[in-house]
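Novice: So that we are looking at the same thing, I have put the structure below in structure tokens.
The values are calculated or read from the model by the stated rules, or taken from the named source; none is laboratory data. Worth saying up front: this structure is predicted, and the values here are computed from it rather than measured. We place every Cβ from the backbone using ideal geometry, glycine too, and count neighbours over all the protein chains shown.
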Amino acid sequence: MNCELAHERIVLAAYGELPDEQMHELERHLAACPECSQERQQLLAVKTLAAAYPVVEPDPNFLTRSRIRLEEALDALPPKRWYERFSQRVVNNFASLQTAPVAALLLLIVGAGAGTLGGYEFAQARAAHVAARVPAATAKAEPQPVPIAEVASISSVVRQPNSEIVDVTYNQVVPQHIQGSLDDPGIRQLLMLASENSASQGVRDDSVGLLAAECRAGHACQGEGIRDALMVALRYDKSETVREKALKGLEPYVAEDMRVRDAVLEALLNDSDPRIRTAAISELEPVEADTSVRQVLFTVANSDHNPQIRTVSREALSRAPEIQ
């Protein structure tokens, strides 16, 4: 993904209009691109502050004029689309071939030869790739980082009792299995992938719970990787249990990471579960003197539809120190 496409998707993601599969791709790009990550932070900060003010409905006359101008612009578009022009070009090319039967025959012969040679080379490469993977799948060795692009899905995540060992079953063409410590890079990669598993809430619940426990214990939960996976789960997962575990895992980083702080503020403003919103207020206590945090708390305390949330927000404001 390039930065231009990322900027477009950042806006869609901020308003909840980006599909899940594109959201995961965007998060991976943001983890590796500081400029786009800063762009997302600035947009979310503006969105958070804008949410503190009432939305003014546009004038009906303005909407009517806009619709009319849009219809006029659509009517002015050329009647032929790109695929129609492409189809016409293909037809013209075939017509020219009919006037040159010898050239057409040569093109067919060359095309058939190139296709045969390409198919043979592809089959050879595929056979070598499969042969190389067979012993690797059966050997019992130290776990290595798993090529995430080759993982179709995660079937199960099980932690062995009273140990740091995790069993992860993941699917390629056939189910694969790997065992290792929570500190192993391969295990961590698979857990982050499992946190995005849209097919199984149980797998997401287990993986996010393990990642959150690692973060709360302070085990290499840097800004990229695990911390990003927890923020994605907090913002977009449909399960209240998964979102709650992700929120707990991010708690140690609210004061030091602005991105985590923004994610927790979004949960306070937008989450559908009152328990998660109350927990978000509690996690914001170390940064209650921050201007943006106070603004959000003030808005929630005065206009939220939930009386319990309003009460908890007022209590937080009453104990907050002077604005930093």
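Okay, residues lined up against (1) exposed (fewer than 15 other Cβ atoms within 10 Å of the Cβ); (2) out of contact with any Gly (no Cβ under 7 Å at 6 or more places or on another chain); (3) at pLDDT 90 or above:
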residue: Leu210; (1), (2), (3): no, yes, no
residue: Cys215; (1), (2), (3): no, no, no
residue: Ala220; (1), (2), (3): yes, yes, no
residue: Tyr236; (1), (2), (3): no, yes, no
residue: Leu247; (1), (2), (3): no, yes, yes
residue: Val254; (1), (2), (3): no, yes, no
residue: Asp257; (1), (2), (3): no, no, no
residue: Val293; (1), (2), (3): no, yes, no
residue: Thr311; (1), (2), (3): yes, yes, yes
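Novice: Looking only at region 167-184, which residues are at pLDDT 70 or above, surrounded by 14 or more Cβ atoms within 10 Å (Cβ to Cβ) and within 24 Å of the chain's Cα centre (by Cα)?
Specialist: Residues satisfying the conditions are Val168, Thr169, Tyr170, Leu182, Asp184.
Novice: Which residues, counting only those in region 297-308, are buried (at least 17 other Cβ atoms within 10 Å of the Cβ) and touching a residue at least 40 places away in the same chain (Cβ under 8 Å)?
Specialist: Listed by number, the list holds a single entry, Thr299.
Novice: Turning to a different aspect of this structure: Here are some conditions: (1) in a helix (DSSP H, G or I); (2) over 17 Å from the mean Cα position of the chain (by Cα); (3) charged (D, E, K, R); (4) within 25 Å of Val208 (Cβ to Cβ). Arg314 meets all but one. Which one does it not meet?
Specialist: So the condition that Arg314 fails would be (4).
Residue by residue, here is whether (1) under 30 Å from Lys238 (Cα atoms); (2) of a type outside the set (Phe, Trp, Tyr); (3) modelled with pLDDT under 85 holds:
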{"site": "Pro19", "(1), (2), (3)": "yes, yes, yes"}
{"site": "Cys36", "(1), (2), (3)": "yes, yes, no"}
{"site": "Gln42", "(1), (2), (3)": "yes, yes, yes"}
{"site": "Glu71", "(1), (2), (3)": "no, yes, yes"}
{"site": "Ala76", "(1), (2), (3)": "no, yes, yes"}
{"site": "Phe86", "(1), (2), (3)": "no, no, yes"}
{"site": "Ser96", "(1), (2), (3)": "no, yes, yes"}
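Novice: Given the residues Leu268, Leu297, which is the only one that is aliphatic (A, V, I, L, M) and within 25 Å of Met23 (Cβ to Cβ)?
Specialist: Leu268
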